[in-house]
Amino acid sequence: MRVATTEQAATFGAEFAAIGWCLLGPLVFHIMTEFVDFNNRFKVPVLLCMYAISVALVILTWTTELMFKGFYKSGWEYKEIEGLLRIPSKLFVSFCVVAGLTIMVLSYFRTGIKRKKNLLVYMIIAGLLPITSELISSVILPAFGVSMPVISFVGTIGMAVVIAFAVTRYDLLTTVAGVMGGAIISNINDAVFIADPAGIIDNANPVAEKLSGYLKGELIGTPVSRLFVDRPPGSGHPDLEQKKDESSKWSFLVSKEGELIPVTRSRGDVKKRSGREIGAVVVAHDMREALRLIQAEQEIKVVTAQVEEERDRSIILKKSHEELKELSDFLESVIDNLAEPVFIKDRELKFTFVNDALTRLLGYSEDEIIGKEDVEIFPSRLSGILSENDSVVLENSELVYSDERVFLDKQGARHTIRTLKTPLKNESGEAEFIVGVISDLTDIKKLEKARLDFIRVAAHELRTPLTSLKLGFELLTRRARESLDDDQNRSLDILSLSIDRLSYLANNLIDLAGMYAGLVTLDKKPINTRMLIDNILSMLESAINEKGLTVTVDCLPNLKHVNADLGRLSQVLFNLISNSIKYTSSGGLHIIAQNLENDQIKITISDTGSGIPSEQIDSIFTLFTKGECVETAQGGTGLGLSISKAIIEAHGGQIWAESEFGKGSSFSFTVPTHEEADH
């Protein structure tokens with residue numbers, strides 16, 4: 001503006017220069033506050049306000065005449081015609097610069113650090129230079145009629161030179177290691193590593209050199225993470241586990257020789273006032289001596305505990321014999337008074353203990369049983385089975401239930417028993433003894449036989465009048481139906497169904513009683529298993545279609561024939577499949593037939609029905625028991641599964657059920673194969 005030769009050039013220069021002088025005040029204030037402890041909570045809002053006013057002044061300069069109304073020729077230069085805001089803008093810029101200088105002067109008198117005082121002197125001089133140069137070029141020289149506009153430029157350049165000198169003189173742009181200073185860390189007794197933001201070591205104290213075995217020159221430029229490792233397996237320092245917090249943790253320093261040195265490591269981030277991280281200080285404390293003290297303390301505690309334990313052991317041993325004898329007598333008395341027969345055998349399968357109930361069951365005295373094996377008390381066939389169960393208990397260390405067995409006691413009385421055997425393990429976990437409990441089922445079997453006999457006789461007595469009643473009813477209905485109305489005919493139908501149901505129940509009771517009594521003869525023949533399943537499904541096709549169920553059958557191509565009574569086995573399949581249909585409202589059935597290794601065939605019928613409650617699954621095959629649930633309870637006698645169980649067991653097979661309530665059930669049974677038919 002001051003060297004312009006035309007009014008247009010002066011206007012352009014003034015508007016262009018407005019960018020500089022409007023922003024100069026906030027910029028000087030910003031720079032000066034960076035070198036003092038100025039409260040950041042106030043600093044940011046103040047700076048934002050200053051910069052906003054500066055930008056507004058620049059815009060007003062470019063778009064209005066509030067700053068410059070124009071320029072006129074005065075001697076050797078053009079002078080401005082000031083607008084309404086020209087004086088306030090000068091005051092604003094001056095206020096910013098003076099405020100920055102004031103803060104630095106106040107900080108100079110408050111600080112006691114010589115280095116910082118020197119730095120503040122340079123910055124105060126740098127701030128005064130542009131003000132002084134502007135005062136000389138714009139006020140003093142024009143008052144004497146002298147024009148030297150270049151002086152204002154010299155002030156700005158001088159300010160930059162002073163700031164640059166202060167920056168380089170006081171290492172303001174060096175690494176954090178330079179800022180921290182070597183004198184501080186040299187006198188610390190712990191190893192100190194100073195790193196840049198990337199974790200690369202910039203400096204280290206003599207203790208760090210001694211602990212790591214590296215020279216300072218070797219450490220500089222090395223990542224801090226390379227020197228430390230977490231606790232390796234088998235380090236031999238169990239005390240290092242779980243001993244860390246947010247500021248420090250246990251780890252290992254890897255020395256130059258490869259030694260793992262236990263240390264506690266702490267890290268502190270070094271940040272500028274703006275919050276930007278400029279490095280970190282890592283301090284490692286050698287814990288070898290501390291660990292030796294801890295180990296020695298632990299050894300002392302162990303020895304002390306051993307001495308106290310030995311001192312107390314004599315007292316304990318003195319009392320233990322009497323207590324064990326009392327306990328042994330008490331337990332023996334309890335076992336002797338148990339109603340169930342109990343025995344204990346050693347690993348040689350010889351009786352070492354029997355209670356009174358067992359001696360009464362066998363008819364032998366205690367002296368006649370102790371030290372004997374099963375073969376010396378029971379018949380050879382039964383003793384072989386019992387000894388085989390004993391071996392399973394000892395070898396597998398597991399609980400074993402034996403099937404029902406019949407034997408004769410010393411006086412020749414017949415008994416039915418079932419045995420539960422469990423291992424008694426020693427300290428190493430090996431089965432050393434066998435503890436057995438015998439359930440005498442003799443009286444229960446007698447009651448069952450009496451009940452079956454009653455059922456058979458009652459069913460026979462019931463079937464004869466039912467047959468007469470059915471014949472008479474059929475004769476009556478043939479003659480009377482045409483003269484009856486619909487309700488009366490419906491009552492006759494219900495009566496007919498009730499008579500059929502009673503007849504079916506009577507026949508089932510007779511069959512069941514005959515099965516359990518062994519009075520039913522099975523006509524066993526080779527039967528094509530797949531054909532048998534298909535025949536039963538065709539009989540139940542209408543019931544399956546009525547419910548909209550799907551049925552899948554999986555049979556291997558080489559499926560063997562079964563050796564069974566066709567009528568009886570068909571009855572079992574019919575009962576199981578019809579039950580699945582009855583209790584399944586959606587989904588379907590899945591039937592699987594497969595060969596087993598023990599010359600048997602396994603058939604499984606699975607459904608997606610209501611399932612069986614877990615508390616009923618064990619009793620589902622007993623007489624007059626049927627699965628019940630609120631939504632799917634169905635009618636029935638509760639004899640179908642009992643009859644099926646009796647038929648399968650009569651064939652030499654087994655039947656069982658598995659179920660998850662609400663998701664479906666699965667019934668499986670096995671029957672022997674017919675080898676001749678297979679070939």
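Peptide packing: for 527-537, 6-16, 487-497, the average count of neighbouring Cβ atoms within 10 Å per residue gives the ranking 527-537, 6-16, 487-497, highest mean first. At an R0 of 60 angstrom, the distance between the Cβ atoms of ALA290 and ASP356 translates into a FRET efficiency of 0.35.
Taking 0.36 nm per residue of separation and subtracting the current Cα-Cα distance, fully stretching the chain between TYR72 and ASN489 would add 137.1 nm. Could you calculate the FRET efficiency of ASN189 with LEU215 from 1/(1 + (r/R0)^6), where r is the beta carbon distance between them and R0 is 22 Å, rounded to 0.05? With R0 = 22 Å, the Cβ-Cβ based efficiency is 0.65. Ranked by the mean number of other Cβ atoms within 10 Å per residue, highest first, peptides 612-618, 84-90, 18-24 order as 18-24, 84-90, 612-618.
Over the stretch 534-576, accessible surface divided per residue gives 53 Å², non-protein components excluded, 1.4 Å probe.
Residues in the stretch 294-373 average 72 Å² of solvent-accessible surface per residue, probe 1.4 Å, ligands and nucleic acids excluded.
Note on the stretch 67-104 and the stretch 371-402: Cα centroid distance 117 Å, given to the nearest whole angstrom. Residue separation of ALA339 and PHE42 scaled by 0.36 nm, minus their Cα-Cα distance, works out to 97.7 nm of gained length.
Per-residue extension of 0.36 nm, minus the Cα-Cα distance of ALA198 and THR604, leaves a gain of 139.3 nm for this segment. The accessible surface of the stretch 332-375, taken with every protein chain in place and a 1.4 Å probe, is 47 percent carbon and sulfur. For ASP523, what charge total do you get from the other residues with a beta carbon under 13 Å from its beta carbon, if Lys and Arg give +1 and Asp and Glu give -1? So the surrounding residues net to +2.
Each of VAL105 and GLU395 was given a label point 7 Å from its Cα along the Cα-to-Cβ line. The distance between the two points is 10.5 nm. Placing a pseudo-label 7 Å from each Cα along the Cα-to-Cβ vector at ARG414 and LYS319 gives an inter-label distance of 5.7 nm. In this simple spin-label approximation, ALA52 and ALA480 carry label points 7 Å from Cα along the Cα→Cβ vector, and these lie 10.7 nm apart. Placing R0 at 60 angstrom, the Cβ-Cβ distance between GLU34 and GLU297 gives a FRET efficiency of 0.65 after rounding to 0.05.
The values are calculated or read from the model by the stated rules, or taken from the named source; none is laboratory data. Keep in mind it's a predicted model, so treat the numbers as computed, not measured. Because the Cβ atoms are built from the backbone with ideal geometry, glycine has one as well, and the counts that use them run over all protein chains shown. For the accessible areas, the whole protein counts, side chains as well, though only heavy atoms, and no ligand, DNA or RNA atoms are used. Shrake-Rupley method; radii C 1.70, N 1.55, O 1.52, S 1.80 Å.
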